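A.B. asks: What follows is a structure written as structure tokens; I'll ask about it next.
The values are calculated or read from the model by the stated rules, or taken from the named source; none is laboratory data. Everything numeric in this text was worked out from a predicted model, so none of it was measured. Note that each Cβ is placed from the backbone with ideal geometry, even for glycine, and that neighbours are counted across all protein chains shown.
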Amino acid sequence: MQLDLYPIIQPLISSYHRLYVSGLGTFSEKYIAAKEDSINGKILPPDTIIVFEPGGNGDSTLFHNEVKRRFSVDDAMASEAIRLFSKNIHDALDLHNSVELPNLGRLYYNVEHKIAFVPRLKVFENDSFGLPEVPFVEISPVAIQVPKDSGTNMMPPVPPSNPMMKFVILSIIFVTMAVGIYFLVTTPYIENKLVKVKEMFEDWNDDANEEKKSINPVVDPVDTSAEVVDFPVNEDEDEPVIKPEPLKTESIEETTYVKIAIGVFGNPDNAARVVDKIKKAGFIPFTEKVGALTKVGVKQEYKSVAEKLEILDKVRSDIEKTAVIIN
């Protein structure tokens, strides 16, 4: 008998702060204290996230009794439901390499092919836990009336200082002074260099003109039109004009393939099932050995970035929604 046990896990962890699930491991709460986010200028409230320790031999009585109470079943049926729940998660991990736990996070196989867990950043709503993020605003000083002569030496209130603002202002002043000094020092030098460059170009132009005059002396033109003899045109001896043929260029297109990873499997049968699923979807499968594991994915030809992204979307919709591009 299969029962949907996902909805009862998060409330149990919230109530008892720790829950052992037979066949998987232990889920527990981790408290994060409030802290200042100086980059974004906010005070982050305290928060709680879920952590997971795989394996172990914990006490599954709490989860067992809640399954009995929630679904009104006996001990045997509750134990069988928990066993099937853990088995389905392991099967999903073998097939997809990861599985989403609603309101908790995601279980996945790490590089060492061990079960790991990534929690959601926020598990509880603000109404039931914690506070919203508070903007960190500098408080301006309030005018305080100092009593006239009270008989004691009272110092006026010192307004709160912002070290970061002082550092920024001093940095701007220092950079401005440095730029001004640089221009004051380098401007006469640059002007002197520009004058020398201008004089050098003028000297080059004068030398070029003198050399041109010496090579090509001015000669008075002479009218030689009377000495030209017109020859009769022989139409028979005209040679046809041969026009050059344009060169033919062949465009060479390189075939580019995109590789999309579907999953990594320790069981060869699971890898073979995914390969068959890829072929039925109309894609070209590929497999790679990674130690004792088998990486399975899609290797498909594309001609543009848009077509590459279109292939990824189709693979995610037809085969595996967590597929990623690896090249």
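A.B. asks: Taking the stated definitions as given, is PHE71 in contact (Cβ under 8 Å) with a residue 60 or more places away in the chain and closer than 26 Å to GLU320 by Cβ?
C.D. replies: no
A.B. asks: Sticking with this one: Filter region 88-122 down to the residues that are in contact (Cβ under 8 Å) with a residue 40 or more places away in the chain and assigned to a strand (DSSP E or B) and list them by number.
C.D. replies: Within region 88-122, SER98, LEU101, GLY105, LEU107, TYR109, ILE115, ALA116, PHE117, PRO119 qualify.
A.B. asks: Inspect region 275-289 for any residue being under 17 Å from THR255 (Cβ atoms), outside the structural domain of HIS113 (by TED's automatic domain parsing) and under 23 Å from the mean Cα position of the chain (by Cα) and give the result as yes or no.
C.D. replies: no
A.B. asks: When you check PRO147 against the structure, is it at pLDDT below 60 and part of a loop (DSSP other than H, G, I, E, B), yes or no?
C.D. replies: Spelling it out, PRO147 is indeed at pLDDT below 60 and part of a loop (DSSP other than H, G, I, E, B).
A.B. asks: Looking only at region 45-85, count every residue that is outside any strand (DSSP E or B) and either within 21 Å of TYR31 (Cα to Cα) or hydroxyl-bearing (Ser, Thr, Tyr) (or both) and tell me the total.
C.D. replies: The qualifying residues number 6.
A.B. asks: Search region 293-313 for residues being basic (Lys, Arg) and farther than 20 Å from ALA271 by Cα, and hand back the single one that is nearest to the chain's Cα centre (by Cα).
C.D. replies: Among them, the one singled out is LYS308.
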